[in-house]
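Data block below; observations after.
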Amino acid sequence: MQFFLLISGLLFILSVAGVNAKQAHHQALQVLKQQSLSLERDILLFHEKAQKPLNLYLTQHANHYFDLNIMTVLLDGKLLVRHIYKTQEKMALKKGGAQLLFKGAIAEGKHKLTVFYRSGKAYQAGNEYQINKINSVSTIEITLIKGQLKEPFQQPTVAIKSLDKSTREIDSVIYRHFTYLKETNPGIDLISHIMKVQTLQSLGEFELATQLIKAKLYLAKGLSLKASEVLKKIIGVLDDSGSASGSALDSLKKKTLKNEARFYLGKSYYDLDEPEKTIDVLSQINFPIRKDIQAEMQHLYSLTLMSLGEYKAAVEYLREHKKNRIGNWDLYSQLNLSIALIQTGKANEGLNLIANIGEAQLINEESKTLYDEVNQSLGYLLLNQNKPDQARKYLEKVSLNGPYSNLALLGAGWASSRLAEYNQAVIPWLALQKKDMRDMSVQESMLTVPYAFEKMDLFKKANNYYQKAVNAFEKELMGLIDSISMITQGQLTNDLKYFDVTSENDWLISVENASDSKSLRYIKQLISDKQFFNLIQDFREAKYLKNDFNQKIKKIIEIKADLLEIADRYNQKAAKKNRKQNYLNQQTAEKLMTESGRLKLRAQKNIDKIMANLQSRALYLLAIRKAKLGNYLVQSRVALAQNYDRLNP
């Protein structure tokens, strides 16, 4: 049974989907996230329709050597925008992205647009363009075009054109703008921007590619069900269109797009805990497919087979596709294959596969951490099978600076102890005692060190370490009791609400490193519990949504003020004529504010429910920890007394 559980644990750590939470509040959060996206779309639509802005897009068709530094735009001789480019923005433009250089209201009538760029320290070029702003959205594309000469370092010229009457060109620029935002601004709520555009117009031949971007963003937000709905529609449209129409290139694009949609549909099914559907849709993928997607797809397919208990099929599949791996996926596939081999009774072959993993495959921190976790798990697996010599080899491979070092040190000591090599066992255990006493491995080492000294007949040394253990356990128990008391009084809720929830990764790091408050003293240990981790992630999302609804209210107020200011500044006669429209705009703004306030209250209700569950789970886990710590204290006192009697017969 232990063997099966450990292997199941290995399967879990290789998962790409994470935990499929079942709590009602988690489902409520998914609904709230979707409502937040729809509300943001409505706010963007309101602003667009009311403002009727001028949109200036920048695209680039320059040669590879061109290095854009600054873009400057003047309107009627006055500075409209000046943008200094970062490396990421330059790369996004070179990849074909379109930057929205300016978006805003200008007065109706004729204007002169002056555009110029600077490349390097001295070179610049520009152009002028006459525009006639009317009472509607206007779109201008500024393009940096390489010259006719073939010199590699020739600077591009500036072309300016209106896209108001060229639907396909507008579609192309908008789609390319979405790809630019993905590259340069990962924090933006891109889904809402896509939803806004799709409400106003179809993107023609770029519609399905835009839908695919949206589906991937849904997946990243944890909205797997919504992603699956979008992806099924994409596949359905491509199935209906067939492959007969269009050029050979069009047909190739359709096949590539359909395969990519199938892959992400498989991911969404995996997230939704539907492995049979995952296998079915991934099985339909054939060439052409991007290499990076192919590598991840093979990992997902083998992982899903293993989750269904189809280990033999997983072995066959991974061996058949071993030539198609890149990056971290090579390591993941190798680890999956080793686990599948172990499960099919070929333990030695599987273990040898892991033993042969080289430093060259550990290309980043993610792969190194995964490698450490697998070695630690295999070490304990072999320890439970009473193979201490083999177990120690795997445990000693675990990095001493990584998150799995403590368990590895504890296990390595027990492996040596099983071999009666107590002088070796005490080395990793003594190293453990220098670490954080809140860690259970460190707590256990407080007893294992004097135990090893006893086995070596070093009773005086053992006595000193038993006394050290008693003191450490008493101190830790008092700290634990204080933490339980503070959490019972609701302090955990108060402390968590002060953390910035904007970034998911930064939030988690901040919380894990927090220990100043008594209620957060054991937060890092609590987060290692899967259920607590899910709850605290849901808390962050609910808090983020609440803050986001606050920001939406502020945004609506700013839009209202902006519209009134525009009416006064640019055309007072038009403002008088359009009083009815201004009134309707104000009414729309009020409705959006009311909806934002309603959803903000819903977010707060979710926070309250999650915090109640979070507090309950924390107290439950700390009660277990308290019982274990109390037991350690009793054991250390008994051992100290017995050892004292041995020294003083």
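What do you reckon, is VAL230 modelled with pLDDT of 95 or more, of a type in the set (A, V, I, L, M), part of a helix (DSSP H, G or I) and out of contact with any strand residue (DSSP E or B) (no Cβ under 8 Å at 6 or more places or on another chain)? Yes; evaluated as a whole, the condition is true for this residue. Quick check on SER417: is it part of a helix (DSSP H, G or I), over 30 Å from MET478 (Cα atoms), touching a residue at least 60 places away in the same chain (Cβ under 8 Å) and among the small types (Gly, Ala, Ser)? Spelling it out, it is not the case that SER417 is part of a helix (DSSP H, G or I), over 30 Å from MET478 (Cα atoms), touching a residue at least 60 places away in the same chain (Cβ under 8 Å) and among the small types (Gly, Ala, Ser). Right, LYS312: surrounded by fewer than 18 Cβ atoms within 10 Å (Cβ to Cβ), at pLDDT 90 or above, out of contact with any Leu (no Cβ under 7 Å at 6 or more places or on another chain) and basic (Lys, Arg) or not? Spelling it out, LYS312 is indeed surrounded by fewer than 18 Cβ atoms within 10 Å (Cβ to Cβ), at pLDDT 90 or above, out of contact with any Leu (no Cβ under 7 Å at 6 or more places or on another chain) and basic (Lys, Arg).
Please verify whether ILE235 is over 29 Å from LEU93 (Cβ atoms), not basic (Lys, Arg) and not in a loop (DSSP other than H, G, I, E, B), treating the condition exactly as stated.
yes
Contact map, segment 607-621: residues that are assigned by TED's automatic domain parsing to the domain that holds ILE484 and more than 11 Å from LEU496 (Cβ to Cβ) paired with residues that are of a type in the set (Asp, Glu) and modelled with pLDDT under 95, Cβ distance under 9 Å, separation 6+ or inter-chain. Pairs shown: ASN613/ASP538; ARG617/ASP529; LEU621/ASP529.
Within segment 206-226, residues that are under 10 Å from TYR175 (Cα atoms) sit with their Cβ atoms under 7 Å from residues that are polar (S, T, N, Q), at 6+ positions apart or across chains, in these pairs: PHE206/SER172. In segment 348-386, the qualifying residues are those that are charged (D, E, K, R) and in contact with a helix residue (DSSP H, G or I) (Cβ under 9 Å, 6 or more places away or on another chain), and the one that is farthest from LEU331 (Cα to Cα) is GLU349.
So, of the residues in segment 37-54 that are of a type in the set (D, E, K, R) and in contact with a helix residue (DSSP H, G or I) (Cβ under 9 Å, 6 or more places away or on another chain), which turns out to be nearest to ASN135 (Cα to Cα)?
Of all residues in segment 37-54, those of a type in the set (D, E, K, R) come to 40-42, 48-49, 52.
Checking which are in contact with a helix residue (DSSP H, G or I) (Cβ under 9 Å, 6 or more places away or on another chain) leaves us with 40-42, 48-49.
Numbers: GLU40: 24, ARG41: 22, ASP42: 21, GLU48: 12, LYS49: 10 Å.
Within segment 37-54, the match that is nearest to ASN135 (Cα to Cα) is LYS49.
On the stretch given as segment 176-205, residues that are in contact (Cβ under 8 Å) with a residue 40 or more places away in the chain, under 22 Å from SER136 (Cβ atoms) and either buried (at least 20 other Cβ atoms within 10 Å of the Cβ) or of a type outside the set (Ser, Thr, Tyr) (or both) total 5. Filtering segment 411-461 to residues that are surrounded by 18 or more Cβ atoms within 10 Å (Cβ to Cβ), among the hydrophobic types (A, V, I, L, M, F, W, C) and over 44 Å from the mean Cα position of the chain (by Cα) leaves ALA452, PHE453.
THR493 - would you say it is outside any loop (DSSP other than H, G, I, E, B), modelled with pLDDT under 95 and either of a type in the set (A, V, I, L, M) or touching a helix residue (DSSP H, G or I) at 6+ places or on another chain (Cβ under 7 Å) (or both)? Steps first, please.
Working: outside any loop (DSSP other than H, G, I, E, B): yes; modelled with pLDDT under 95: yes; either of a type in the set (A, V, I, L, M) or touching a helix residue (DSSP H, G or I) at 6+ places or on another chain (Cβ under 7 Å) (or both): yes.
Yes.
A single member of SER517, SER483, SER510 is out of contact with any Phe, Trp or Tyr (no Cβ under 8 Å at 6 or more places or on another chain) and either farther than 29 Å from ALA50 by Cα or in the same structural domain as ARG617 (by TED's automatic domain parsing) (or both), and it is SER517. Could we say that ILE174 is at pLDDT 90 or above and over 22 Å from GLN60 (Cα atoms) here? So ILE174 does not fit the description; no.
So, in segment 475-512, of the ones that are among the polar types (S, T, N, Q) and within 28 Å of ASP189 (Cβ to Cβ), which residue ends up surrounded by the fewest Cβ atoms within 10 Å (Cβ to Cβ)? Before the answer, list the steps.
Going residue by residue through segment 475-512, those that are among the polar types (S, T, N, Q) are 483, 485, 488-489, 491, 493-494, 502-503, 505, 510.
This time we only want the ones that are within 28 Å of ASP189 (Cβ to Cβ), so: 493, 502-503, 505, 510.
Details: THR493: 18, THR502: 12, SER503: 13, ASN505: 7, SER510: 14.
In this case the residue turns out to be ASN505.
The values are calculated or read from the model by the stated rules, or taken from the named source; none is laboratory data. Since the model is a prediction, treat every value here as computed from it, not as a measurement. We place every Cβ from the backbone using ideal geometry, glycine too, and count neighbours over all the protein chains shown.
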